[in-house]
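Let me begin by presenting the structure, written as structure tokens, before commenting on it.
The values are calculated or read from the model by the stated rules, or taken from the named source; none is laboratory data. The shown structure was predicted, so the numbers you read here are calculated from the model rather than taken from an experiment. FYI the Cβ positions are ideal-geometry reconstructions off the backbone, even for glycines, and counts take in every protein chain you see. What goes into the accessible areas is simple: the full protein's heavy atoms, side chains included, and nothing from ligands, DNA or RNA. Shrake-Rupley method; radii C 1.70, N 1.55, O 1.52, S 1.80 Å.
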Amino acid sequence: MILMKRYLSLLAIILSFCACGPKTTDITLPDGFTVKAELAITPKETERGLMFRTELPEGGGMLFVFEGDAPRYFWMKNTLIDLDIIFITSDLKVFSYEENVPHSYVYTPDSQVATAAGFGQYVLELPAGSVKRHKIEEGSFLEFDLQ
């Protein structure tokens, strides 16, 4: 009986970890295409971002959520995939974007690691080429809900 209780407790812990995947939100782009974006909210999630991932499928992305509109700066060390990076203001309007930000590797010298800078409360990373494919422009509105 004691072993059964321990087994059930362990099973409950394992199942609780399995149910906790990354938080996501659906983002509708200007052409109506919907992206399922992982949310990076905590400092740890924001720091890690998409580092060490080898792919980001079409329809996937990562949305970084910050407190209020402000200048944002991204250093792409250990980001193994090329990205489009979109800076979005608090009213969900595209402020600016950087296309085809090149990947780096663990051994890429710091001085050669790509950077991206913009302004906003949110930053959306999508697979390279997404800005053109989905007609994203400065001033475009994106639709998403973080509730």
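What to note about this one:
- Per residue, the accessible area of the chain comes to 61 Å² when a 1.4 Å probe rolls over the protein heavy atoms.
- Between helix 2-19 and the chain: long-axis angle, C-alpha atoms, 0 to 90°, nearest 10: 10
- When the chain is treated as a GNM with alpha-carbon contacts under 10 Å, the residue of Gly59, Gly68, Gly129 showing the greatest mean-square fluctuation is Gly68.
- Inter-label distance, Ile41 to Val106: 3.2 nm, where each label sits 7 Å from its Cα along the C-beta direction.
- Reach of Lys135 by Cα under 13 Å, taken over aspartates and glutamates that are not fewer than 8 positions away in the same chain: Asp31, Asp84, Glu99
- Between amide H atoms placed 1.01 Å from N, distances below 5 Å from Leu80 occur with Phe52, Arg53, Ser104, all of them 5 or more places distant or on a separate chain.
- Accessible carbon and sulfur surface of the chain relative to its total accessible area, %, 1.4 Å: 59
- Among Ser90, Ser111, Ser130: highest mean-square fluctuation, GNM of the chain, C-alpha pairs under 10 Å: Ser111
- For Leu142, the solvent-accessible surface computed with a 1.4 Å probe is close to 0 Å², ligands and nucleic acids excluded.
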